[in-house]
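Below you'll find the structure, written out as C-alpha cells, and then a few comments.
None of the figures in this text is laboratory data; all of them are computed from the coordinates on show. No experiment lies behind these values; they were computed from the predicted model shown. Cβ placement follows ideal geometry from the backbone for every residue including glycine, while neighbour counts extend to all protein chains displayed.
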Amino acid sequence: MCDPTVLAAVSIVGSLAGGAIQAQGIRQDADANARAEERRAEFAERQKEVNQTQASFERKRTMDQLDRVLGFNRAAGAERGLSETGSLSDVADDNAFEAAQSIEAIRYRADGERDNLTFEANTARERGRSYRKAGRIGAAGAILGGVTGAFTTLGNAYYGSDPLKPQQSPRQKPRVF
C-alpha cells in the first residue's frame with residue numbers, strides 16, 4: 001500500500017489541478033457566450049443599416065410613383081383639354097398627400113426598427129459583458145474550491161485524521177490477544 005503522505009500529495013495536486021481545469025473551462029464557456037452575444041450585436045447593427053437603406057429606397061420609389069401618377073394625370077387632363085386647376089389640381093393634391101403619408105409611414109417604421117435593433121445590439125453587448133464577468137467569478141470560485149480541497153487534504157494528513165485510513169467504529173472494541 002502507498003504511503004499516506006504520497007496519497008495526500010496526489011490528492012492535493014489533484015485538487016489544485018481540478019480547480020485550475022474547471023476554472024479554464026468556465027472562462028472558455030463564458031468567452032464563447034460573450035463572443036456569440038457580440039456577433040448578435042454586430043448582426044443587429046448590420047441589419048439596422050440594411051433597414052435604413054431599404055427605407056430610403058422605398059421613400060424614393062414612392063416619390064417616383066407620385067411623379068408618374070402626376071405626369072399621367074397631367075397628360076390625361078391635357079388630352080381632354082382640361083386645365084391644371086380645379087378637379088385636376090385636387091386629384092394632384094390628393095395624390096401628393098397620399099404619397100406624403102406613405103413616406104411618413106415608411107420613415108416611422110424604419111425609425112422603430114432602427115430603435116429596436118439598437119436596443120437589441122446594446123442588450124447583446126451587455127449580456128456579453130455579463131458572461132465575461134460571470135466567467136471570471138466562476139473561475140475564481142473553481143480555483144478557490146481547488147485550493148480549499150487541497151488545504152483540507154493537507155490538514156487531514158497533517159493532523160492524522162486521514163480520510164483514506166479506515167476508521168474504527170466506536171462500537172467495535174479492539175481485540176486483545
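This structure gives log10 I(q)/I(0) by the Debye sum over Cα atoms at q = 0.08, 0.15, 0.16 Å⁻¹, computed directly, and of (1) -0.59, -0.95, -1.00; (2) -0.27, -0.82, -0.91; (3) -0.29, -0.92, -1.03 that value is listed as (1).
Relative to the longest principal axis of the Cα atoms of the chain, the long axis of helix 4-79 makes an angle of roughly 0 degrees. Overall, the stretch 41-112 carries a charge dipole of about 180 debye about its Cα centre when +1 sits on the Cβ of Lys and Arg and -1 on the Cβ of Asp and Glu, all other atoms neutral.
Using only the alpha-carbon atoms, how far is helix 87-158 inclined from the longest principal axis of the chain? Give it as 0 to 90 degrees, nearest 10. Compared with the principal axis, the helix lies near 10 degrees.
Take every Cα pair under 8 Å whose residues are at least 6 apart in sequence, average their separation, divide by the length of the chain, and the relative contact order is 51 percent.
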